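Please read the structure below before turning to the comments.
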Amino acid sequence: MAKITEYLEDYNSSVKTQMKLVMFLDACDHVSRITRVLRQPLGNALLLGVGGSGRQSLARLSTFIADYKPASIEVVKGYGMQHWRDDAKRALMLAGVDNKAVAFLFVDTQIINEQMLEDVNNILNSGDVPNLYKTEDFEPLFKVGKLLCMEKGLQVTKMNMFSCYLGQLKRNMHMVLAMSPL
C-alpha cells in the first residue's frame, strides 16, 4: 500500500489536476491488477463499476505506474465523429509511428455514437480502423513500416509495410474500457 501511495504522490506532482485518493487495500489490489494487465503483450482491460467507483482514477494511476502515455477523449459540446476519429488517429499514430506504449482510456459516458464502439472493436481486433487514415497520413506509416520490413527481412511492399506498422501499433496500444453495469 505504501508503494502505490508513493506512486500516487509522484503522479500528483507531475500533473495539473491532482487525484485526491485514499488508497485502501482493495483499491491497491485493483491498481496492481490493471497495471499487470497493461504490461502484458496485447493487454487490454475492461473495468466495470458504477459511476464514482474510481475506475478512471485507478486506470490513470496504473497507466502512470506502467510508464505509458495516457490517451483519452474529452467530450465537449459539439464533439462529433470527426473529432473522435482525429483523437483515435492521434493515439494510434503515437503507438504505431512514435513506438510509444499508450493506454487509451475510453469511458461509457463518452459514447456519443454507436460507430465509436465499432471503432474500438476494430482497434481491439486488428489495430486498424477502416478509412481512418488520409493519403497524407500514410507517409509516416510507410516510413516506419519500411524500417520494420528491412529489420525482419521482408520484401518492402505497401502491404508488408502496413502490416509491420499494425504489428507495432498492436504491441504498443492498450485499451482500457471503463463501463457501468447499469
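The values are calculated or read from the model by the stated rules, or taken from the named source; none is laboratory data. Everything quoted here is computed from the prediction, not taken from an experiment. Glycine also receives a Cβ, built like all others from the backbone with ideal geometry; neighbour counts cover every protein chain displayed. Accessible surface is based on the protein model in full, side chains and every heavy atom, while ligands, DNA and RNA are left aside. Shrake-Rupley method; radii C 1.70, N 1.55, O 1.52, S 1.80 Å.
Overview of results
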| item | result |
| --- | --- |
| Any pair with Cβ under 9 angstrom, 6 or more apart, that starts in the range 156-182 at a residue that is touching a residue at least 60 places away in the same chain (Cβ under 8 Å) and ends at one that is part of a loop (DSSP other than H, G, I, E, B) and among the aromatic types (Phe, Trp, Tyr) | Asn172/Tyr68; His174/Tyr68 |
| Residue list for the range 8-35, filter: farther than 21 Å from Leu48 by Cβ and buried (at least 17 other Cβ atoms within 10 Å of the Cβ) | Leu8, Tyr11 |
| Scan of the range 151-167 for residues that are crowded, with 21+ Cβ neighbours inside 10 Å and under 29 Å from Arg36 (Cα atoms), ordered by number | Cys164, Tyr165 |
| Meets criteria (within 20 Å of Met19 (Cβ to Cβ), at pLDDT 95 or above and touching a helix residue (DSSP H, G or I) at 6+ places or on another chain (Cβ under 8 Å)) for Ala88 | no |
| Hits in the range 136-182 - residues which are of a type outside the set (A, V, I, L, M, F, W, C), in contact with a Cys (Cβ under 9 Å, 6 or more places away or on another chain) and either within 29 Å of Ile111 (Cα to Cα) or assigned to a helix (DSSP H, G or I) (or both) | Gly145, Lys146, Glu151, Lys152, Asn160, Ser163 |
| Evaluation of Tyr68 against (1) aromatic (Phe, Trp, Tyr); (2) loosely packed, with under 15 Cβ neighbours inside 10 Å; (3) at pLDDT 95 or above (one fails), failing number | (2) |
| Output for the range 135-150, where each listed residue is open to solvent by 80 Å² or more (accessible area, probe 1.4 Å) and of a type in the set (A, V, I, L, M) | Leu147, Met150 |
| Where a residue in the range 84-108 is at positive phi and its partner, wherever it lies, is part of a helix (DSSP H, G or I), with Cβ under 7 Å and at least six apart | Asn99/Gln168; Asn99/Asn172 |
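Every residue, every condition in (1) open to solvent by less than 70 Å² (accessible area, probe 1.4 Å); (2) touching a Pro at 6+ places or on another chain (Cβ under 6 Å); (3) modelled with pLDDT of 95 or more, yes or no:
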| residue | (1), (2), (3) |
| --- | --- |
| His83 | no, no, yes |
| Leu92 | yes, no, yes |
| Asn99 | no, no, yes |
| Asp108 | yes, no, no |
| Met116 | yes, no, yes |
| Gly127 | yes, no, no |
| Tyr133 | yes, no, no |
| Met173 | yes, no, yes |
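Conditions tested, residue by residue: (1) more than 14 Å from the chain's Cα centre (by Cα); (2) within 19 Å of His83 (Cβ to Cβ); (3) of a type in the set (A, V, I, L, M).
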| residue | (1), (2), (3) |
| --- | --- |
| Ile111 | yes, yes, yes |
| Leu148 | yes, no, yes |
| Lys152 | yes, no, no |
| Leu169 | no, no, yes |
